[in-house]
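Notes follow the structure.
The values are calculated or read from the model by the stated rules, or taken from the named source; none is laboratory data. This is a predicted model, so every value here is computed, not measured. Don't worry about glycine lacking a Cβ; one is built from the backbone with ideal geometry, like all the others, and counts go over all protein chains shown. Ligands, DNA and RNA are excluded from the accessible area calculation, which covers all protein heavy atoms including side chains. Shrake-Rupley method; radii C 1.70, N 1.55, O 1.52, S 1.80 Å.
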Amino acid sequence: MLELGKGYAYVGNQYNLVVESDDFFLDLLFYNYRLHCFVVFEQKVGDFKPEFVGKLNFYIDTFNQKRKGSDDKPSIGVLLCRTPNETVVEYSLQGVQAPMGVAEYELTRALPKELQLELPTIEALFNVSSGPAPRPKTSWRLKGMANCGLLSKYLSKKTC
């Protein structure tokens, strides 16, 4: 989340959207209070496949019609996957109207020191003083964003 910039608020994971009698689940949903829009994250374990774009586009369009408020700007989609083939990503994103990007992720064993300094400890969050705070053992890190021209007006330049 820090890689995206400031202003993001967590809304939920496996956020349920119902279309008629069918259930669909958004992997992660955030709201950016500076941009006044929702950001939908779809996480994939494997390499990029073109059909991931269609699914994320469906989620964004459905969310915009069913849940987005009238004062909110259109939602943004971010697809996290391993080792995207840049050419396939570019072809897959052509013609997509929703602001959307594809980012590669990398798992790390510990938070980098610069991030540790940015994040509060558990004690600071809950005003508790009972020993050292546990730290997460893995984290996501965005490596790059495809289709940055479309997203640059929505996300911080740090991401692109």
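Side notes on the structure shown:
- What the phi angles of the stretch 32-37 give under the Karplus curve with 6.51, -1.76 and 1.60, with θ = phi - 60°, is a coupling list of 9, 6, 7, 8, 6, 8 Hz, glycine and proline written as x.
- The relative contact order of the stretch 1-42 comes to 34 percent, based on Cα pairs under 8 Å that sit 6 or more residues apart.
- Around Gly12: net Lys/Arg minus Asp/Glu count, Cβ-Cβ under 13 Å: 0
- For the stretch 3-61, applying the loop criterion from DSSP together with a ceiling of 15 other beta carbons within 10 Å to the trypsin sites (Lys or Arg not before Pro) yields Lys6, Arg34.
- Residues of the stretch 3-66: accessible area per residue with a 1.4 Å probe, Å²: 53
- Portion, in percent, of the accessible area of the stretch 26-67 that falls on carbon or sulfur, probe 1.4 Å: 52
- Length gained on full extension, Gln14 to Glu90: 24.6 nm, using 0.36 nm per residue less the C-alpha separation.
- Using the average count of surrounding beta-carbon atoms within 10 Å as a protection proxy, the listed peptides 17-25, 57-65 rank, highest first, as 57-65, 17-25.
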